[in-house]
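Bear in mind these aren't lab numbers, they're just calculated from the coordinates by the rules spelled out. Source: prediction; values computed, not measured. Cβ coordinates were reconstructed from backbone atoms using ideal geometry, including for glycine residues, and neighbour counts include every protein chain displayed.
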């Protein structure tokens, strides 16, 4: 019995009670799974009794591949993990190597990294905004979200030469200085983003249908979220104030004035709202960083061949999806890492999915999955 | 600080050092520092119980398992637990080792449910058994995949090392 594109089902009937439990396979090519993700849903009528997630369709062995490449080359692998937040990924990796080697990053490079990463956070949340609208059945948000995201990526292209997969952050700084006219271009972009944000709010945030679909859906107790290692907007939506930029500040975040928005109910609507409020905060962060952007070199003093001393470091940063961690083991004197483990926030957030959808309606499954905003490139690595 | 140097010990030792030593008691093989992180080495038999004690201790309260990694040291497999507390500014690294001939460690899924997929990944890629884990079916690899691609002994034919030694 085929029900829908990408869905196949089988019925098992219990002769004692004549009650049927339906098992539905959703994905891996289903549009609502945002990539190659598959889940097997067990249904009792419209209610979800259980769910088994299946991942690994995009497993490329990034961690093992990294063991065969030298430290500068590995940045490209990080671009391909969370492919809608490339800068944020690159940043955590280069910080890990910089910590292992004790490299100082010049202030201008820190500012450039921060500006680009925060713009990337906005771009990532705008992508979420658009696709989440589609998940719910609203067609307008994707137009607004992608229009503004494209404007951000236009800036990225001007700086790095690529819309995505930038490979722009270097161990000790960034590849090259910003192009002429960067500051006025970003200022103009921020104005566009602010007006786009108002438009976005009027379209989805205050839509009664959207609120009906998302409010009170998919909430689990905050302690359970913590137990699963859920981080990022999903955790903050439940009222737990954990943002790496605040809890374990890195770069120049301590000197900037911003807050980490939190929700109260932990449902899908709060997760959406936290991301929307983060767009506001990121605009404010970029604004401040542009004002204080210093002159100077964009690369620190780094040896030509990177050979971190023996030892291991764990460095993490606040990615749009949560706490991205890099565990780097160096055996000392080699130009390749001995071991590189990536703690992907999507990977950990996805573990809590089963708890969130159990007992909900089938139609809520896509709403809840969408609210986690997973990127399979980082789940599967 | 020039590139290449690194501090063996942070300027201020971790305030939880004594408390961790107290809880670990005889189980601690060593307690030291790696960069700014407090690092505790324990034998594998004690690791699950110890994690539970560290989580439930009100002064430490390590409720957040940041990361669980497996490292292949050729003759031994090492499991590294990165812990953090959200209501205290504390962090801790726990390390334990299992010999390659008999690769198992106890599961910590009873302490943090978030250990689930990390442990399945470790089983997939390194062939390390997390004893007591309810479901160690393949997670990242497909059913029927042969070998443990995370291990150093696993040969990747296409891999070219450019500057390797």
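In terms of the Cα gyration tensor, with a ≥ b ≥ c the square roots of its eigenvalues, is region A:291-381 rounded because a/c is under 1.5, prolate because a/b exceeds b/c, or oblate?
oblate
For the protein assembly as shown, report the translational diffusion coefficient in µm²/s to the nearest whole number, using Stokes-Einstein at 4 °C, 1.567 mPa s, and a Kirkwood Rh over Cα pairs.
Rounded to a whole number, D works out at 53 µm²/s.
Arranged by the count of other C-beta atoms within 10 angstrom, fewest first, what order do B:117, A:91 take?
B:117, A:91
Against the longest alpha carbon principal axis of chain A, how many degrees, from 0 to 90 and to the nearest 10, is the axis of helix A:140-160 turned?
Once rounded, the angle reads 20 degrees.
Rank the residues A:44, A:243 as a footprinting-exposure proxy: fewest other Cβ atoms within 10 Å of their Cβ go first.
Final ranking by Cβ density, sparse to dense: A:44, A:243.
With everything on Cα atoms, drop me the angle between helix B:47-56 and the longest principal axis of chain B, reported from 0 to 90° to the nearest 10.
It is inclined by approximately 40 degrees.
Fewest first, what order do A:361, B:81, A:168, A:57 take by the number of other Cβ atoms within 10 Å?
Taking fewest neighbouring Cβ atoms as first place, the list is A:361, A:57, A:168, B:81.
Inside 10 Å of the C-beta atoms of B:66-74, what's the mean count of C-beta atoms belonging to other chains?
Going residue by residue through B:66-74 and averaging, the value is 6.
Taking region B:76-165 on its own, what percent of its Cα-Cα pair distances exceed 14 Å?
Pairs farther apart than 14 Å: 71 percent.
Between rounded, prolate and oblate, where does chain B land on the alpha carbon gyration tensor, with a ≥ b ≥ c its root eigenvalues, rounded for a/c under 1.5, else prolate if a/b exceeds b/c?
Because a/c hits 1.5 or more and a/b fails to exceed b/c, chain B counts as oblate.
Over the whole of A:52-64, what's the average partner chain Cβ count within 10 Å per residue? Rounded to a whole number, please.
Mean shielding count: 4.
Give me the one-decimal nm value for the distance between modelled label points at residue A:46 and residue A:157, 7 Å along each residue's Cα-to-Cβ direction.
Going by the 7 Å Cα→Cβ label model, 4.5 nm.
With everything on Cα atoms, drop me the angle between helix B:115-126 and the longest principal axis of chain B, reported from 0 to 90° to the nearest 10.
In chain B, helix B:115-126 runs at an angle near 40 degrees to the longest axis.
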